[in-house]
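I have placed the structure first, in the form of structure tokens, so that the comments after it can refer back to it.
The values are calculated or read from the model by the stated rules, or taken from the named source; none is laboratory data. Quick caveat, the model's predicted, so the values are computed rather than measured. Note that each Cβ is placed from the backbone with ideal geometry, even for glycine, and that neighbours are counted across all protein chains shown.
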There are 2 protein chains.
Amino acid sequence: MSLKVYLAARAAEVDAAMDVFLPKAKQRPATIHAAMRYAVFAGGKRLRPVLCLAAAEACGGALANAIAAACALELMHTYSLVHDDLPAMDDDDLRRGRPTCHKVYGEGMAVLCGDALLTEAFIVLAQTPATKRYGTRDYITELATTGGSKKLIGGQVMDLEGEGKKLTRRELVRIHEAKTAALLTTSLRLGAMTANATPAKLLALTEFGHALGLAFQVIDDILDCTQSTEVLGKTAGKDQAVEKSTYPAVLGLEASRREAAKLTAAAMAALKPLDRQAVRLEEIAAYLLRREY
Amino acid sequence: MSLKVYLAARAAEVDAAMDVFLPKAKQRPATIHAAMRYAVFAGGKRLRPVLCLAAAEACGGALANAIAAACALELMHTYSLVHDDLPAMDDDDLRRGRPTCHKVYGEGMAVLCGDALLTEAFIVLAQTPATKRYGTRDYITELATTGGSKKLIGGQVMDLEGEGKKLTRRELVRIHEAKTAALLTTSLRLGAMTANATPAKLLALTEFGHALGLAFQVIDDILDCTQSTEVLGKTAGKDQAVEKSTYPAVLGLEASRREAAKLTAAAMAALKPLDRQAVRLEEIAAYLLRREY
């Protein structure tokens, strides 16, 4: 199966499962369930669920055991986008080429929609079967810690507080570790845990996720300042407009591209202990670095 | 131990445990952790944690096994207050006699603070020891379902959508079941689960919680329209100002008082299967009905 087909197939499986996990749009109160589905079914790449499923496969696990965790990761990711887009935060009108949740449903409903997606993530994750090494407590602790005030939310706090300031490279890396790398790493780890992965494999995937996550964010920063709104599906040049420190702003564009390549190489090297099983993960990392920029 | 001393002692234990569970205020990023502690340590009654601990005791369990669940319940409750107070929702400036979270930390930070408290609830709850009958999966599913789009969040949605409309008694009860009774019931259930309670006891506590929760909300509605802002510690007469349907508005004040008394009697009756062990829970229910109004 080519990578393109693989990615499309996995994303379709995630969407189908998500449709089952999420309350129906007509279920009362209907507005919140319609809003949740609007935010979730917006044609995202499903990168985090795909990484979760690929990690499970790389550790010899069954997709069926990883699908709930995969969906929980996307719910966590989607909630963070809905809240980050709010007027009181990044104030964005466009997301994945469509009006943002609060533009369609209003601010109050968008706050509640994000809350509901976050809560649903834990309902869904709790349905993941335990393995010999890992159980519900491990899964929940992994996702909640990464979603918490020191990682995902903490990253958004640092991001907000950094606007208009000139950040150091070190501060920038800290933000990206918290905002992006942590959830990508947890995607891989949760997938591996559902496959009863050894601690050694879990460690390799953690290192892989960290490097991949940072590479991913460097590329996102590069795309924001080199691509059009149409291509991105979200407002281009936004970072510069709000004087947000980005890799291109701090390091320059060429150095940022070299940094992305270096981080991807580090990611590839981290996969060594997984050997031939990790071919898909390698392909995904290579694909993410090849994104148009 | 008198009820007053009992309530104060349990609340103090919850506060002490919460101080250990929550990240320190200076931990980076410091703003979010300061905001979380501002919202949590505001002198609340800790009603949900106290119900959780009392239910655990009523089922013969140890407080030490219920304390994490008790704290998780208060974190869930506090997050919902922080988000409900936002300008895009109930737009409230006062809470427990102090400026609301967004008044002090700004709207964006208040959204993130609520998110972080909600996420922290699951980190903390996952630390609850499993019993013979119940495990982490049961605890998480119980709390997340009650906190989700059909209960706690759904109740707030119905509440927002009901503003300015004349609701029927039936619609009003549905809102209060979702917004208030569900989390009080889950407080009792989680406490009982940490004590390995039999399904029969769990059912009795579920009925107790439902009646108690509705009674509690009727009394809250009565207080809102009969008490001053100083006594309440939050803006009085708020419901009337935003044309919110309340029990007094729908049934009248005297009928609302009778309704509260009737619901409390139903709560007491539900406790029968727990026999003498449930004396504290009976006392708490009686105390809640005796609140000044």
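Looking only at region B:1-17, how many residues end up being closer than 9 Å to residue B:46 by Cβ, touching a residue at least 40 places away in the same chain (Cβ under 8 Å) and of a type in the set (A, V, I, L, M, F, W, C)?
2
When you look at residue A:174, is it charged (D, E, K, R), within 10 Å of chain B (Cβ to nearest Cβ), part of a helix (DSSP H, G or I) and touching a residue at least 12 places away in the same chain (Cβ under 8 Å), yes or no?
In short, yes.
Do you know which residues across region A:258-273 are surrounded by 16 or more Cβ atoms within 10 Å (Cβ to Cβ) and modelled with pLDDT under 90?
A:260, A:264
Using the structure shown, decide if residue A:110 is small (Gly, Ala, Ser), surrounded by 24 or more Cβ atoms within 10 Å (Cβ to Cβ), out of contact with any strand residue (DSSP E or B) (no Cβ under 6 Å at 6 or more places or on another chain) and over 15 Å from residue B:114 (Cα atoms). Spell out the reasoning first.
Details: small (Gly, Ala, Ser): yes; surrounded by 24 or more Cβ atoms within 10 Å (Cβ to Cβ): yes; out of contact with any strand residue (DSSP E or B) (no Cβ under 6 Å at 6 or more places or on another chain): yes; over 15 Å from residue B:114 (Cα atoms): no.
So residue A:110 fails the test.
Would you tally the residues in region B:1-36 being assigned to a helix (DSSP H, G or I) and within 15 Å of residue B:124 (Cα to Cα)? Lay out the reasoning, then the answer.
Taking region B:1-36 and keeping what is assigned to a helix (DSSP H, G or I), we get B:3-21, B:30-36.
So of that shortlist, the ones also within 15 Å of residue B:124 (Cα to Cα) come out as B:14-21, B:36.
So the count comes out to 9.
State the number of residues belonging to region A:42-88 that are of a type in the set (Gly, Ala, Ser), surrounded by fewer than 24 Cβ atoms within 10 Å (Cβ to Cβ) and within 17 Å of residue A:119 (Cα to Cα). Give the derivation first.
At the first step, the residues of region A:42-88 found to be of a type in the set (Gly, Ala, Ser) are A:42-44, A:54-56, A:58, A:60-62, A:64, A:66, A:68-70, A:72, A:80, A:88.
Next, from what is left, pick out any that are surrounded by fewer than 24 Cβ atoms within 10 Å (Cβ to Cβ): A:42-44, A:60-62, A:64, A:68, A:80, A:88.
Narrowing further to those that are within 17 Å of residue A:119 (Cα to Cα): A:68, A:80.
So the answer is 2.
Picking from A:200, A:215, which residue would you name as being more than 10 Å from chain B (Cβ to nearest Cβ), under 18 Å from the mean Cα position of the chain (by Cα) and of a type in the set (Gly, Ala, Ser)? Even if it seems obvious, please write down each step before you answer.
Numbers: A:200 fails: under 18 Å from the mean Cα position of the chain (by Cα).
Just one listed residue meets the conditions, A:215.
Run residue B:91 past the list (1) among the acidic types (Asp, Glu); (2) closer than 25 Å to residue A:155 by Cβ; (3) surrounded by fewer than 21 Cβ atoms within 10 Å (Cβ to Cβ) and report the number of the one that doesn't hold.
The failed condition is (2).
Yes/no per residue for (1) assigned to a helix (DSSP H, G or I); (2) touching a residue at least 12 places away in the same chain (Cβ under 8 Å); (3) more than 10 Å from chain A (Cβ to nearest Cβ):
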residue: B:90; (1), (2), (3): no, yes, no
residue: B:104; (1), (2), (3): yes, yes, yes
residue: B:121; (1), (2), (3): yes, yes, no
residue: B:130; (1), (2), (3): no, no, no
residue: B:134; (1), (2), (3): no, yes, yes
residue: B:137; (1), (2), (3): yes, no, no
residue: B:157; (1), (2), (3): yes, no, no
residue: B:161; (1), (2), (3): yes, no, no
residue: B:166; (1), (2), (3): no, yes, yes
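Of the numbered conditions (1) under 15 Å from the mean Cα position of the chain (by Cα); (2) within 14 Å of chain B (Cβ to nearest Cβ); (3) charged (D, E, K, R), residue A:48 satisfies every one except a single condition; which is it?
Result: residue A:48 passes all but (2).
Taking residue A:71 as meeting all but one of (1) of a type outside the set (A, V, I, L, M); (2) under 18 Å from residue A:121 (Cβ atoms); (3) touching a Gly at 6+ places or on another chain (Cβ under 8 Å), write down the number of the exception.
(3)
Being in contact (Cβ under 8 Å) with a residue 24 or more places away in the chain and at the interface with another protein chain (Cβ under 10 Å from one of its Cβ atoms), is that true of even one residue in region A:61-79?
Kept after step one, since they are in contact (Cβ under 8 Å) with a residue 24 or more places away in the chain, are these residues of region A:61-79: A:61-63, A:65-79.
The next check asks that each one be at the interface with another protein chain (Cβ under 10 Å from one of its Cβ atoms); those that pass are A:76, A:79.
Checked region A:61-79: at least one residue is in contact (Cβ under 8 Å) with a residue 24 or more places away in the chain and at the interface with another protein chain (Cβ under 10 Å from one of its Cβ atoms).
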